[in-house]
Amino acid sequence: MARISIISPCFNEEENVEACCEAVRALFAPGGPLERYEREHIFSDNCSTDGTVAILRRLAAADGAVKVILNARNFGPFRSNFNALRYATGDGILVFLPVDLQDPPELIPEMVKHWENGIEVVAGARANREESWGLRTCRSIFYSIVNRISDFDIPEDVGEFQFIDRKVWQVVVAHQDQYPYIRGIIAAAGFRRLILPYTWRARRRGISKNNAPRLVDQAMNGIFAFSSV
């Protein structure tokens, strides 16, 4: 049986991790759209200080398909995500599923279907965002800048919510970078790519950890990592 790995980084998400785990489990349950696949759901906890770790331990103890990585300190979202990605054993890998489910797990079966048809990178694109006009504008400016000065195209509104083939995974995890910009690494790797638009939801529970300084830091990382300007 082929295996699908799903990566979910988290930090102080005690309100969301269980719902995320259940949403993924339902996709692979008997009668679910992915029932013919084996499930591997890897949570990477970024040194949470709330009850997240206790919940993750309980979920992993009850379900052998759930695996948990506990970071010794907070390494930031990209490094935590990349660290977990290294442990994926699936034939196909969902690079990032946020535990707050702002990227929709119900899109995963469609991603898998395209992968089954030979597409090696199926990238979700946030065509609609349930967020403020100011944030949407800033993101648009960032992609305009980075695509003008880099040697390849990073599609606008594509984040880490991407489904990749095992051979793409091998290229990605071989990348040596202390602060990996994962969406850029995937784009730079090449391979056949298909982009699926979707609506990025507003967070239902908890508080986002992506404040303005962190978003600026991520943008600067993307610019410095993939251009010589």
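Please report the net charge: other residues with Cβ closer than 10 Å to the Cβ of Glu120, K and R +1, D and E -1.
+3
Could you tell me whether the range 50-107 comes out rounded, prolate or oblate from its Cα gyration tensor? Rule is a ≥ b ≥ c as square roots of the eigenvalues, rounded for a/c under 1.5, then prolate if a/b exceeds b/c, otherwise oblate. Please report the intermediate quantities before stating the final value.
Numbers: a/c = 1.28, a/b = 1.12, b/c = 1.15.
Rounded shape, in that the Cα axes give a/c under 1.5.
Skipping prolines and chain starts, which residues have an amide H placed within reach, meaning under 5 Å, of the one on Ser44, given they are 5 or more residues away or on another chain?
Those qualifying (amide H under 5 Å, at least 5 residues apart or on another chain) are Ser8, Cys10, Ile69.
I'd like the distance between the alpha-carbon centres of the range 18-47 and the range 81-113, rounded to an integer number of Å.
That distance is 10 Å.
How high is the relative contact order of the range 29-117, in percent, counting Cα pairs under 8 Å that sit 6 or more residues apart? Before the final figure, lay out each step's value.
On the way: 72 pairs, mean separation 25.4, N = 89.
Across the range 29-117, relative contact order equals 28 percent.
Determine the order of Cys21, Cys47 by accessible area, beginning with the largest, at a probe radius of 1.4 Å. All intermediate terms of the calculation are to be shown ahead of the outcome.
Details: Cys21 0, Cys47 50 Å².
Ranked list, largest accessible area first: Cys47, Cys21.
Looking at the square roots a ≥ b ≥ c of the eigenvalues of the Cα gyration tensor of the range 1-125, which shape do they give, rounded for a/c under 1.5, prolate if a/b is larger than b/c, or oblate? Numbers along the way, then the final one.
Numbers: a/c = 1.85, a/b = 1.50, b/c = 1.24.
In terms of gyration-tensor shape, prolate.
Mind running the shape call on the range 1-42? Use the C-alpha gyration tensor, a ≥ b ≥ c as the square roots of the eigenvalues: rounded below 1.5 for a/c, prolate if a/b tops b/c, oblate otherwise. Kindly include the intermediate steps, with their values, before the conclusion.
Details: a/c = 4.72, a/b = 1.83, b/c = 2.58.
Since a/c reaches 1.5 but b/c is at least a/b, the shape of the range 1-42 is classed as oblate.
Apply the Karplus parameterisation 6.51 cos²θ - 1.76 cosθ + 1.60, with θ equal to phi minus 60°, to every residue of the range 7-14 and state each ³J(HN,Hα) to the nearest whole Hz, in sequence, with x for glycine and proline.
9, 10, x, 7, 8, 6, 10, 4
Apply the Karplus parameterisation 6.51 cos²θ - 1.76 cosθ + 1.60, with θ equal to phi minus 60°, to every residue of the range 172-188 and state each ³J(HN,Hα) to the nearest whole Hz, in sequence, with x for glycine and proline.
3J(HN,Hα) across the range 172-188, in whole Hz: 5, 6, 7, 5, 9, 7, 6, 9, x, 9, 5, 4, x, 4, 5, 5, 5.
Evaluate E = 1/(1 + (r/R0)^6) for Ile195 and Ala72, where r is the Cβ-Cβ distance and R0 equals 25 Å; express this FRET efficiency to the nearest 0.05.
Numbers: r = 36 Å, r/R0 = 1.45.
After rounding to 0.05, the efficiency reads 0.10.
Per residue, how large is the accessible surface of the range 83-132? Use a 1.4 angstrom probe and give square angstrom.
Values: 1710 Å² over 50 residues.
That works out to 34 Å² per residue.
Among residues other than Glu160 whose Cβ falls under 11 Å from its Cβ, what is the net charge (Lys/Arg +1, Asp/Glu -1)?
Details: positive: Arg183; negative: Asp103.
Taking every other residue near Glu160 into account, the sum is 0.
Tyr87 accessible area, nearest 10 Å², 1.4 Å probe?
130
The values are calculated or read from the model by the stated rules, or taken from the named source; none is laboratory data. Since we're looking at a predicted model, the values are computed, not measured. Note that each Cβ is placed from the backbone with ideal geometry, even for glycine, and that neighbours are counted across all protein chains shown. Heads up: the accessible areas ignore ligands, DNA and RNA and are worked out on the full protein's heavy atoms, side chains in. Shrake-Rupley method; radii C 1.70, N 1.55, O 1.52, S 1.80 Å.
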